[in-house]
Amino acid sequence: MLKAIWAVIWTLRIALPKVAVGWMFALLTIDFNRVAMVELGIAAIVVTALLSIHYFMAPFQVVVGRIADTLPIFGYRRTPYLLLGSVVVSLLFLMLPSVAMGMGEGSALAFFSAIVLFTLFGISMAVIADTYHALIAEVTTPETRGMVISVVWIVLIMSTILATVVMNIVRPEYSPEAMQDLYNLTPLIVIGSTLLGVIGMEKRLNRDELEDARIKARALAPPGNPLASAFRLLKTNPPTRAFFAFIFIAIFAIFLQENILEVFGARVFEMPIDESTKLERYWAGGVLIGMVLTGVIATVLKISRKKLVIVGVIGAAIGFVMLGISSMLEILPILKPSLFGMGLFIGMFNVGALALMMEMTVANATGLYMGLWGTAQALGKGISSLLSGTLLTLTIDTGLLTANMAFFGIFLLEAAGLLLAGYILYNISIREFADRASRAKQDVEGTETPISTGTTVNA
């Protein structure tokens, strides 16, 4: 009994750094975007371009990972880098309100400062992401890892939902002072949750262990430029290329609405800021429930990951069509149910896609393939963030389309993207991927040694 209680406490602790991540992204994608576009009148294309910068910093994870592997600090390879990234990123938020005000006034210095801040944010998040995921991999076993990852995702979604509650308490209505008070909470929340989550989790290595770890890290690093190796895999392996396209298109379609959902509420339904920030809760809550239900259903019924993902994208596409209808016809009663239903099926997609990504790897090259899938996700999110603001600027701000028609088109584009992603996945043979990936890895590494794959065929 005590062992089970300790296991629960330990799992919740290791998930705590996701509270920091959920808080920061809630501020950026729910509050900062709405205030900047609506209250301060900054062009949507500018705001979403700034928010997309951090996605294109994702390749820094490869660099950070190699540095952390070979240059431990005080005997630790993960904790110091994770804490350093958390401190730096949290302090950046203290400057965002004043920078946003400056951009609203048309200050060139403020726009330049925003670019610098969001670039530093992206680099810091790359540090946090790589070291945190490496820490989880090193302190869990294959038997417990799946449960820990599920809890981590649930904590991330819950923290995003709770962040909206805190927003409306600290800043029920917009004012520069209220916004600053809200963002001043970031260092306390980010540094505090990270400290509570990681202190004592990582084993400190002695001198001999550190040297052994360095030797193994260098030996296991793929020869040559890892980005070039990944590109070569995409070029020579059609199933890998197709799966990369599936991830990119699906993530792009799902997240195209993320930075403009609150603007949708304001422009189409004239919602005040405290009401529009609540929209995130409905689809995030649906994602949370969808992930839990899917995990149970998949375990009991033994449904393949591929089928789960295809059902998830079809259901989510229907949700986006309903959102489009609510926008075009201004039917408020179907807005929140559509968001919740969309979230349920995105939760199903998350469970299936995450498991499928881990399945679509090759033994001894897991990092290369997970890095490839991670890059597809980052590019999908980054381009969707950039394009969402561009679409609003080119349609609504120019007067080309009304807000109703513009958002109707955006939601239908997302639905079409999800259906296209599902079609691509349907035509991917996991068995062919396993065979080709093994041969491609031999070619990349320049070896003729037979390579076993870690792929389980579940097509």
Legend entry - Tabulated pairs, segment 241-269, first among the charged types (D, E, K, R), second modelled with pLDDT under 90 and not in a helix (DSSP H, G or I), C-beta under 7 angstrom, 6+ apart or interchain: E262/T277
Inset, instruction - Tell me which residues, restricted to segment 387-435, are over 20 Å from M342 (Cβ atoms) and among the β-branched types (V, I, T). - result: T390, T393, T395, I396, T398, T402, I424, I428, I430
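Would you point out which residue out of A49, A58, A44, A15 is of a type in the set (G, A, S), touching a residue at least 60 places away in the same chain (Cβ under 8 Å) and farther than 22 Å from Q257 by Cβ? Show your work before the answer.
Details: A49 fails: farther than 22 Å from Q257 by Cβ; A58 fails: farther than 22 Å from Q257 by Cβ; A44 fails: farther than 22 Å from Q257 by Cβ.
Sole residue among the options that is of a type in the set (G, A, S), touching a residue at least 60 places away in the same chain (Cβ under 8 Å) and farther than 22 Å from Q257 by Cβ: A15.
Among the residues of segment 167-199, which ones are among the aliphatic types (A, V, I, L, M) and either closer than 17 Å to N33 by Cβ or not assigned by TED's automatic domain parsing to the domain that holds V99 (or both)? Reasoning before the result, please.
Kept after step one, since they are among the aliphatic types (A, V, I, L, M), are these residues of segment 167-199: 167, 169-170, 178-179, 182, 185, 188-191, 195-196, 198-199.
Of everything in segment 167-199, those that are among the aliphatic types (A, V, I, L, M) and either closer than 17 Å to N33 by Cβ or not assigned by TED's automatic domain parsing to the domain that holds V99 (or both) turn out to be M167, A178, M179, L182.
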Inset, instruction - Check V296 against each of (1) part of a helix (DSSP H, G or I); (2) touching a residue at least 24 places away in the same chain (Cβ under 8 Å) and name the one condition it does not meet. - result: (2)
Inset, instruction - Please verify whether segment 91-108 includes one or more residues that are within 21 Å of the chain's Cα centre (by Cα), within 27 Å of A44 (Cβ to Cβ), free of Cβ contacts under 8 Å to residues at least 40 places away in the same chain and in a helix (DSSP H, G or I). - result: yes
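Restricting to segment 368-390, name every residue that is hydrophobic (A, V, I, L, M, F, W, C) and either touching a residue at least 40 places away in the same chain (Cβ under 8 Å) or not assigned by TED's automatic domain parsing to the domain that holds S327 (or both).
Let us first name the residues in segment 368-390 that are hydrophobic (A, V, I, L, M, F, W, C), namely 368, 370, 372-373, 376, 378-379, 383, 386-387.
Answer for segment 368-390, where residues must be hydrophobic (A, V, I, L, M, F, W, C) and either touching a residue at least 40 places away in the same chain (Cβ under 8 Å) or not assigned by TED's automatic domain parsing to the domain that holds S327 (or both): L368, L372, W373, A376, A378, L379, I383, L386, L387.
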Legend entry - Odd one out for I191 among (1) free of Cβ contacts under 8 Å to residues at least 24 places away in the same chain; (2) in a helix (DSSP H, G or I): (1)
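From the list A316, A284, exactly one residue is closer than 25 Å to G374 by Cβ, at pLDDT 90 or above and not hydroxyl-bearing (S, T, Y). Which is it? Working first, answer last.
Numbers: A284 fails: at pLDDT 90 or above.
Sole residue among the options that is closer than 25 Å to G374 by Cβ, at pLDDT 90 or above and not hydroxyl-bearing (S, T, Y): A316.
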Legend entry - Options F74, F60: the member that is surrounded by fewer than 21 Cβ atoms within 10 Å (Cβ to Cβ), hydrophobic (A, V, I, L, M, F, W, C) and within 15 Å of A129 (Cβ to Cβ): F60
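Just checking, does segment 39-46 include any residue being assigned by TED's automatic domain parsing to the domain that holds T186 and under 18 Å from the mean Cα position of the chain (by Cα)?
First, pick out the residues of segment 39-46 that are assigned by TED's automatic domain parsing to the domain that holds T186: 39-46.
Remaining after also requiring under 18 Å from the mean Cα position of the chain (by Cα): none.
Looking for residues that are assigned by TED's automatic domain parsing to the domain that holds T186 and under 18 Å from the mean Cα position of the chain (by Cα), one finds none in segment 39-46, hence no.
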Inset, instruction - Within segment 204-215, identify whether any single residue is surrounded by 15 or more Cβ atoms within 10 Å (Cβ to Cβ), under 21 Å from the mean Cα position of the chain (by Cα) and modelled with pLDDT under 80, and answer yes or no. - result: no
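Quick check on F112: is it more than 19 Å from M24 (Cα to Cα), aromatic (F, W, Y) and over 20 Å from the mean Cα position of the chain (by Cα)?
The answer is yes for F112.
The values are calculated or read from the model by the stated rules, or taken from the named source; none is laboratory data. Model, not experiment: these values are computed from the prediction. Glycine also receives a Cβ, built like all others from the backbone with ideal geometry; neighbour counts cover every protein chain displayed.
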